Every structure is written in C-alpha cells, then in structure tokens.
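Colleague: Let me give you the structure first, and then I'll get to my questions.
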Amino acid sequence: MIVDKYYLFRKGIIKLFKEDKNIIVVGEAESSEELKRTYFNILPDVVLVEVLSIKMNLLTVMKSIKNKDVGAKFLIISGCTDSNIVCKAVQSQADGVVDKNITEDELVFAIQKINDGEKYYSNRINFIKNESAAKMKSIYPSTIPKVLKHSFREKQILDFIKDGYKSCEIAQELGLSKRTIDNYRFKLFQKLQLTSLSDLIKYAMSYSAVEEVE
C-alpha cells in the first residue's frame, strides 16, 4: 500500500512496482486519515509512506494501527534530511526509513527485508540517526540508568510519553484504562528513581535514542 498526497508520486511508484513480480500494490491513500480508514479493509503486508506529505499525523496513525495489528509493517520514505524529522521517523514504530536518493533496486530490497520481519535504513538515514542518537545520549547522560530493560508495555508507554501523550490519550491508543496507564507511569517513576514529568520525558527520549545506537 502506498501513502502520499501527491498523485504523480503514487502512480510513479505503482508503475515502478509493475516491473517487479514479487510486489503487488493493493491500495493507495492520499492522507493519514484515509490510511486509518482503509488499512483494515486492505491489510497490506507493507505500507510505504512519505513522511512529509502527511506531516507528523502519520506517526500517530501508524502507532494506532500497530497497536491494533502487531503484524503491521511500515516503510517511511523521506526527501528530508532534517535530523529532527528523521529522528521522529526513526523513533516511531516504523520498520524502516529510507531517503529519496536510493535506487529502485534498494527500495525493492528494503520492502522485501521489512516484509521478512527485519528493519531497514538507507545509508544516509543511518548516518543521521546515529549522529543524532549519540548527541541525545550525551545531552541526557544522567537520566539513562545503567540497565536499560523494560517490558514491551513499558516501551510502548515510554514511546507515547516521548511524544507528549497524556495518560488518557495513551489509554485510548492502547485500549486500556487511564488508571492502568497511571499505574505504569507511577512504577516507571519508582523504577527510574525520577521525581518529575520533565525528567521522565527526557528519559523516554534518551532511552529511544540509546536503543537506536545499540
């Protein structure tokens, strides 16, 4: 499935994939709202999205879909090399991020890798994310515990906290009660020995950065 607001981009990718017998385009969407509305009717193996075309709304929709379908796979393609945009894309639940300067063969290879359950980042994206992650790690060294071990649910909640979600919003996304999310947050404060929300947000950001470096 291809998601981009530009008609010519979508049709260009569809034409490209017609030459590859292993890839079949089963649908397309021009907005994050259309993606959210049609994804579960199509259930594609991989969703190819252009991150700037639908701005950061995409990341919220992507998280929502992945929380409901653990098998959902997303490949972000971006023409932007701004480190903030790239890092938000990498730190989202995307399965891969590539830049628009890659070759046709590499794009097909990336889709196949992601379909097989692996992660994939193009060389330029790898350079940007590693450089930014190292910088983030140096900014918040005191907030990173020596042992970075969290349960799957804790990782989910930290990911939402990093993006500024409130407990009620996280609860809605994960299909849990606000009280359950508050309990998880309280346990995170205890586990990390933190006392303020700002410190927890900093930790969530640095934890995500360190995960990308390692």
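Colleague: Out of all the residues in the stretch 1-47, which are among the hydroxyl-bearing types (S, T, Y) and under 23 Å from G71 (Cα atoms)?
Modeller: S31, S32, T38, Y39
Colleague: Shifting gears a bit: Within the stretch 1-18, restricting attention to residues that are touching a strand residue (DSSP E or B) at 6+ places or on another chain (Cβ under 6 Å) and not in a loop (DSSP other than H, G, I, E, B), which residue is surrounded by the most Cβ atoms within 10 Å (Cβ to Cβ)?
Modeller: Across the stretch 1-18, the extreme among qualifying residues is V3.
Colleague: Which residue pairs have Cβ atoms closer than 6 Å, lie 6 or more positions apart in sequence or on different chains, and pair a first residue in the stretch 180-206 that is without any contact (Cβ under 8 Å) to a residue 24 or more places away in the chain with a second residue that is of a type outside the set (A, V, I, L, M, F, W, C)?
Modeller: Cβ pairs passing all conditions: D182/S167.
Colleague: While we're looking at this one, here's another question. Going by the conditions given, is K21 part of a helix (DSSP H, G or I), surrounded by fewer than 18 Cβ atoms within 10 Å (Cβ to Cβ) and either out of contact with any Asp or Glu (no Cβ under 7 Å at 6 or more places or on another chain) or not assigned by TED's automatic domain parsing to the domain that holds T103 (or both)?
Modeller: Answer is no for this residue.
Colleague: In the list K202, K191, K187, K129, which residue meets the criterion of being part of a helix (DSSP H, G or I), modelled with pLDDT of 75 or more and surrounded by 16 or more Cβ atoms within 10 Å (Cβ to Cβ)?
Modeller: K202
Colleague: Also, quick follow-up: Given the criterion in contact with an Asp or Glu (Cβ under 6 Å, 6 or more places away or on another chain) and within 17 Å of A110 (Cβ to Cβ), identify the matching residue among D4, D45.
Modeller: D4
Colleague: Please indicate, with yes or no, whether at least one residue in the stretch 157-166 is at pLDDT 85 or above and either loosely packed, with under 15 Cβ neighbours inside 10 Å or not in a helix (DSSP H, G or I) (or both).
Modeller: Yes - at least one qualifying residue is present in the stretch 157-166.
The values are calculated or read from the model by the stated rules, or taken from the named source; none is laboratory data. All figures in this text were calculated on a predicted structure; none of them were measured in a lab. Here the Cβ is made from the backbone with ideal geometry for all residues, glycine too, and neighbour counts use every protein chain on show.
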